[in-house]
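Everything on this sheet refers to the single structure shown next.
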Amino acid sequence: MIEVKDLQKSFGDAHILKGITTTFENGKTSLVIGQSGSGKTVFLKCLLGLFTQDEGTITYDGNIYSQLNSDQKRDLRSKMGMVFQGSALFDSMTIAENVMFPLRMFTKQSKSEMQDRVDFVLKRVNLPDAHNKMPSEASGGMQKRVAIARAIVNNPKYLFCDEPNSGLDPKTAIVIDNLIQEITDEYNITTIINTHDMNSVMEIGEKIVFLKDGLKAWEGSKDNIFITDNKVVTDFVYSSELFKKVRKMYLEERNT
Amino acid sequence: MTYLHNIGAYFLMIKDMFRKPTKWSVMKTLIFKDIDDLIMGSLGIVAFISFFVGGVVTIQTALNIDNPLIPKYLVGFATRQSIILEFAPTFISIIMAGKVGSFITSSIGTMRVTEQIDALEVMGINAINYLVFPKFIALMLYPFVISIAMFLGIVGGMAACFFGGYSSIDDYIIGIQTDFIPFHIAYAFIKTFAFAFLLATIPSFHGFYMKGGALEVGKASTTSFVWTSVVIILLNYILTQMLLS
């Protein structure tokens, strides 16, 4: 379980995170939603240790991150997988080399064992024939799938995704969302997804944390978000006519 | 204050370069790749510039010696001294600051902009060691490039003498053998090693700590060239004062 207590982070005069407290259950998919500039990415980067928080603690299964020594931090990070907003694939490597990279760095597997694992993972993300392509030759959706393959190749305990379906068409976005959900369930990973895509909110995830202006404005389950009266949440989630209708239908169905 | 902060950050980067080393099997590949990119990839331009600048030094020296009492072999002597002491180690290093330095800054800077460095750090990899150390090791072969520059500069001078008729080949060869001081070679290579360190680390610093997007990658490359050149020139003065005076 990941426990976050009173997380605060500033950059100069800009107070980005103003004290966020929440928990993320093991083996579940949680969504962090909020408008652009609400502090989602900074929050995720603090969880990953890419930014050091000014105040507060982040605890991974009972271990407070800031109290770990550098070797323990390194061990913990090797159990994390991350899917970046722009995929962040190494552009000097082929897709197979990108996926194999964590195995080369952290395992003592033979080349054939690594190759087998890469074949398996690329098949799992529906890219069985993409081994020798360069990232620049892959479409946005393919790059996201390669990033997911790279993130899960070393059997991570925690998976973090920063806007995994940004810049993708709606159909591919749903494919990516479902793939993340399936992988989370299949390998019992603790997954945290940053998104402002309401389709993702409707499709996947058990828990939703809503951030606004660096504060947790609301948290609850996927079902709760349909019935909440919290104006800040409803203004954001149901800003489009489509989602207003979806909510109306859900509430009508629920009442009958 | 910003300068002080950057100087401090630069030395911390150098310290981090030797911490938490990357797995040798991976590092070996990175070093060979950087040797290919930074050393082998520079040989062509270094050879071309050295040969022709050696020729120009010879022509200018010959044209300025109009006193019949001054022996012709002095052309070879002056060319050798200019090339070994200054042209090959310093002038070529300034050119390399443009070629290799901007390549290093832009490649690392692009990795920063596209979150590839974040991806390395999330995996628990010491990104500075992974990215900068192989470049540092590759550039320890830089004296090899400078040796070629020295040789081709002197050959270029000889070719200019021969084709321009400024002195005979025999005079030129006598000139390049006259009053040879082996320590001058040592001095040139001490400078070369120091410049190699700067060529690997200053552009890496500017790439690694850059902020912004694609435009800033270009700006960082320019800034890195300027600072690498300034530090090379300053260090050249300090080392010359220390080693030759």
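The values are calculated or read from the model by the stated rules, or taken from the named source; none is laboratory data. Being a predicted model, the structure only gives us computed values, none of them experimental. Cβ sites come from the backbone with ideal geometry, for glycine too, and all protein chains shown count toward neighbours. Areas reflect the complete protein model, heavy atoms only, side chains present, ligands, DNA and RNA absent. Shrake-Rupley method; radii C 1.70, N 1.55, O 1.52, S 1.80 Å.
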What about A:Gly205, is it over 21 Å from A:Gly27 (Cα atoms) and touching a Leu at 6+ places or on another chain (Cβ under 6 Å)?
no
Among the residues of the range B:7-17, write down those that are within 14 Å of another protein chain (Cβ to nearest Cβ) and in contact (Cβ under 8 Å) with a residue 40 or more places away in the chain.
B:Asp16
Among the candidates A:Ile183, A:Ile208, A:Ile227, A:Ile204, which residue alone is touching a Phe, Trp or Tyr at 6+ places or on another chain (Cβ under 9 Å), of a type outside the set (Lys, Arg) and open to solvent by less than 30 Å² (accessible area, probe 1.4 Å)?
A:Ile208
Does B:Ser82 fit the bill of being open to solvent by less than 10 Å² (accessible area, probe 1.4 Å) and either within 14 Å of another protein chain (Cβ to nearest Cβ) or hydroxyl-bearing (Ser, Thr, Tyr) (or both)?
no
Given the condition within 16 Å of the chain's Cα centre (by Cα), closer than 23 Å to A:Phe101 by Cα and at pLDDT 95 or above, answer yes or no: does some residue in the range B:138-145 qualify?
yes
Determine if the range A:91-102 includes at least one residue that is surrounded by fewer than 20 Cβ atoms within 10 Å (Cβ to Cβ), more than 9 Å from every other protein chain (Cβ to nearest Cβ) and not in a helix (DSSP H, G or I).
yes
In this structure, is A:Asp71 open to solvent by 60 Å² or more (accessible area, probe 1.4 Å), of a type in the set (Asp, Glu) and either farther than 20 Å from B:Trp24 by Cα or in a loop (DSSP other than H, G, I, E, B) (or both)?
no
Going by the structure shown, is A:Val146 crowded, with 21+ Cβ neighbours inside 10 Å, at pLDDT below 90 and within 16 Å of A:Ser87 (Cα to Cα)?
no
So which helices (runs of 4 or more DSSP H) stay within the range B:85-143 end to end and still have 1 or more residues that are open to solvent by 10 Å² or more (accessible area, probe 1.4 Å), farther than 18 Å from B:Ser221 by Cα and more than 14 Å from chain A (Cβ to nearest Cβ)?
B:127-138
Go through (1) part of a helix (DSSP H, G or I); (2) within 19 Å of A:Phe24 (Cα to Cα); (3) among the hydrophobic types (A, V, I, L, M, F, W, C) and name the single condition A:Leu159 misses.
(1)
Open to solvent by 60 Å² or more (accessible area, probe 1.4 Å), within 14 Å of chain A (Cβ to nearest Cβ) and more than 16 Å from B:Leu141 (Cβ to Cβ) - does that describe any residue in the range B:27-41?
yes
Selection status of B:Ala188, out of contact with any Ser or Thr (no Cβ under 7 Å at 6 or more places or on another chain), closer than 28 Å to B:Gly55 by Cβ and crowded, with 19+ Cβ neighbours inside 10 Å:
yes
Matching helices (runs of 4 or more DSSP H) fully within the range A:172-256 where at least 1 residues are basic (Lys, Arg)
A:222-227, A:231-237, A:241-255
Subset of the range A:28-60 [within 14 Å of another protein chain (Cβ to nearest Cβ), open to solvent by less than 10 Å² (accessible area, probe 1.4 Å) and either more than 19 Å from A:Lys18 (Cβ to Cβ) or of a type in the set (Ser, Thr, Tyr) (or both)]:
A:Leu48, A:Tyr60
With the requirement that a residue be in contact with a Ser or Thr (Cβ under 7 Å, 6 or more places away or on another chain), modelled with pLDDT under 95 and open to solvent by 30 Å² or more (accessible area, probe 1.4 Å), what does the range B:146-175 give you?
B:Tyr166
Across the range B:194-222, what is the total count of residues that are open to solvent by 60 Å² or more (accessible area, probe 1.4 Å) and either among the aromatic types (Phe, Trp, Tyr) or outside any loop (DSSP other than H, G, I, E, B) (or both)?
6
B:Lys72 versus (1) away from chain A (no Cβ under 14 Å); (2) assigned to a helix (DSSP H, G or I); (3) touching a residue at least 24 places away in the same chain (Cβ under 8 Å); (4) open to solvent by 30 Å² or more (accessible area, probe 1.4 Å): which is the lone unmet condition?
(2)
Failed criterion for A:Leu76 (all others in (1) facing chain B (nearest Cβ under 10 Å); (2) modelled with pLDDT under 90; (3) part of a loop (DSSP other than H, G, I, E, B); (4) crowded, with 18+ Cβ neighbours inside 10 Å hold):
(3)
Between residues in the range A:203-232 that are closer than 30 Å to A:Ser10 by Cα and among the hydrophobic types (A, V, I, L, M, F, W, C) and residues that are assigned to a loop (DSSP other than H, G, I, E, B) and open to solvent by 20 Å² or more (accessible area, probe 1.4 Å), which pairs lie under 9 Å by C-beta distance while being six or more apart or on different chains?
A:Phe210/A:Asn230; A:Leu211/A:Gln35; A:Ala217/A:Asn230; A:Trp218/A:Asn230
Would you check if there is a residue in the range A:109-131 being within 16 Å of the chain's Cα centre (by Cα) and either surrounded by fewer than 21 Cβ atoms within 10 Å (Cβ to Cβ) or on the phi > 0 side of the Ramachandran plot (or both)?
no
